[in-house]
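Below is one structure; the comments refer to it alone.
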Amino acid sequence: MDIIITDLKARQVLSSRGEPTVEVELTLNKQYKGRAIVPSGASKGKFEAEELKDQDMSLYKGKSVYKVVKGINDEISPFIVGGKYSSLYKLDNKLISLDGTKNKKKYGGNGILGISIAYLKALSELYHLSCFQYIGGINFNHFPLPMMNVINGGAHSNNSLDIQEFMIVPIGAKSIDDAIRYCVEVYYALKEILNERGLSTGVGDEGGFAPNLKNEEEALDLLSEAINNAGYILGVDFKFSLDIASSEWKTKDGYYLPKKKKVMTSKELMDYYLKIVDKYPILSLEDPFDQEDYSSWNSFLLHTKGSVLLVGDDLYTTNVERLKMGIENKLSDAILIKPNQIGTISETLNCINLAKDANMKIIVSHRSGESEDDFISDLAYGVKADYVKFGAPCRSERTTKYNRLLKIEEIIKEQKQ
Ligand code: PGA
Ligand code: ZN
């Protein structure tokens, strides 16, 4: 059977921050449909694919994406509608060559990714498979463990915390259902503690609480207490993960922590991390150093020797070339995967495969600006990711991803019977 793209249409919609983003609808063989909404980051890496915005300050403060939508509807669509595209790689390669720039500057990573995901969803429909099954078949004894970001700081909130994400990881859970329950119960307990102490229970961009606290250790102490109050044991049922997002701090004079108004050297940061890792059960540290501070990454990895996972987010930007450099120079032992950093799903899958060959842990991640699209849950299951990072169990653009994980677990269970 020939697989033909019979329709392709884009429009501007809103992300969870109320900012314009791109929605794409694609149809195969006149009946199989896929729809995708592209996410958007706040603490973006330097090497990410271009997120094209109109920059017209009279509209949405320059953030509208009408040009991307027009590029898809007026230029890409006439070119590919009617064409035979039998695989994702074939379509993505065509989109990459149509764009023709290194960072997808012409049509925008935000435009091209929408087409790539919508096509993959339509293709799964055509084969009468769930998207996760089309990507990786059914894996009975595997589920990705959530890293839930329950306290937000850094660029995701206006509180006093310089570290961007304080995550709880339910290492003792035996299923997704269990894992989500563990985390939600701790989230409730944390809210109670914050209420009792008169601290804010307002949430940040990823649904985590964003109270003003003395320092980062106070956040970890509150989480330890919440885990205990919910009846769990820290170190046995839960560990912590932190996304430092330190590229946001980098200046020519060192690392400037904007909320504490304090400059730190790489060496001081490393000592600080070692102190925290010594005091709390930390599973992983993401972007502990700047995306170009390679020597610090390497010395930290040699020092920690796998006792805590070092996760490259801004460091790699889901880019195979960056990852190759990281593997050669021994920079980290885990990678964060965000499809919109690179702009197509083929390139995302290539990056995941390379990371797996290098024995790195895989964390599939949302962006701080999200939508009701739950594709990344299917991606995480399909590629057998070790972890997922989808924010707090709060705000529908986050819970839709957890709800999809629950649904996938149910589909897998049904297949088993
Ligand atoms: P972003 O943050 O989506 O705002 O870039 C998420 C992260 O740094 O992991
Ligand atoms: Zn990050």
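Quick note: the coordinates plus some simple rules give every number you see, no bench work behind them. Keep in mind that this is a model prediction, so the values were computed, not measured. Here the Cβ positions follow ideal geometry from the backbone for every residue, glycine too, while neighbour counts run over all protein chains shown.
Round to the nearest 10 and give me the degree value, 0 to 90, for the angle of helix 345-357's Cα axis relative to the longest principal axis of the chain.
With rounding to tens, the tilt is 50 degrees.
Can you compute the modelled spin-label distance between I171 and Q55, with each label point 7 Å from Cα toward Cβ, in nm?
Label at I171, label at Q55, 4.7 nm between them.
What residue among L302, L379, L315 shows peak mean-square fluctuation when the chain is described by a Gaussian network model with Cα springs under 10 Å?
Ranking L302, L379, L315 by mean-square fluctuation puts L302 first.
Collect residues whose amide H, placed 1.01 Å from N in the peptide plane, falls under 5 Å from the amide H of V311; neighbours closer than 5 in sequence don't count.
L285, E286, D287
Relative to the longest principal axis of the C-alpha atoms of the chain, give the angle of the C-alpha long axis of helix 176-196, reported between 0 and 90° and rounded to the nearest 10°.
The angle comes out at about 50 degrees.
Report the local net charge at R11: Lys and Arg +1, Asp and Glu -1, summed over other residues whose C-beta lies under 10 Å from its C-beta.
-1
Net charge near G136, counting Lys/Arg +1 and Asp/Glu -1 over other residues with Cβ under 12 Å of its Cβ?
+1
So what is the 222 nm mean residue ellipticity for the chain from helices alone, if each DSSP H run of at least 4 adds -39500 (n - 2.57) and you divide by all residues, rounding to the nearest 500 deg cm²/dmol?
-11500 deg cm²/dmol
Does anyone have the angle between helix 109-126 and the longest principal axis of the chain? Alpha-carbon axes, 0 to 90°, nearest 10?
It works out to around 70 degrees.
Determine ³J(HN,Hα), in whole Hz, for all residues of segment 282-298 in sequence, where each value follows from phi through the Karplus function 6.51 cos²θ - 1.76 cosθ + 1.60 and θ = phi - 60°; x replaces Gly and Pro.
Couplings: 9, 7, 8, 10, 9, 6, x, 10, 4, 4, 10, 8, 4, 5, 5, 4, 5 Hz.
Starting from the amide H of F238, placed 1.01 Å from N in the peptide plane, find each other amide H under 5 Å away whose residue is 5 or more places distant or on another chain.
Those qualifying (amide H under 5 Å, at least 5 residues apart or on another chain) are I171, G172, I233.
Can you work out the Karplus-derived ³J(HN,Hα) for every residue in segment 252-266? Use 6.51 cos²θ - 1.76 cosθ + 1.60 with θ = phi - 60°, whole Hz, and x for glycine or proline.
5, 9, x, 9, 10, 7, x, 7, 8, 6, 9, 9, 10, 8, 4
Please report the orientation-averaged projected area of segment 5-128, defined via the convex hull of its C-alpha atoms, in nm².
Projected over every direction and averaged, the Cα hull of segment 5-128 covers 7.7 nm².
Over all Cα pairs of segment 151-272, how is the pair count split among 5 Å bins, expressed in % and running from 0 up to the last occupied bin?
2, 11, 20, 22, 18, 13, 9, 4, 1, 0
Looking at the calculated P(r) for segment 122-162, what percent of the C-alpha pair distances fall above 17 Å?
The proportion of pairs with Cα distances above 17 Å equals 59 percent.
So for segment 200-286, what are the equivalent ellipsoid semi-axes in whole Å, largest first, each being the square root of 5 times an eigenvalue of the Cα gyration tensor?
Square roots of five times the eigenvalues give 25, 17, 11 Å.
How big is segment 92-163 in terms of Cα radius of gyration and Dmax, in angstroms?
18.4, 50
Provide, for q = 0.26, 0.27 Å⁻¹, the log10 of I(q)/I(0) from a solvent-free Debye sum over equal Cα point scatterers in segment 1-77.
-1.24, -1.28
How long are the semi-axes of the equivalent ellipsoid of segment 235-387, taking √(5λ) for every eigenvalue λ of the Cα gyration tensor, in whole Å from largest down?
Ellipsoid half-lengths, sorted descending, are 25, 17, 16 Å.
Sort the chain into rounded, prolate or oblate with this rule: let a ≥ b ≥ c be the square roots of the eigenvalues of the Cα gyration tensor; rounded if a/c is under 1.5, and if a/c is not under 1.5, prolate when a/b is larger than b/c, oblate otherwise.
Because a/c hits 1.5 or more and a/b exceeds b/c, the chain counts as prolate.
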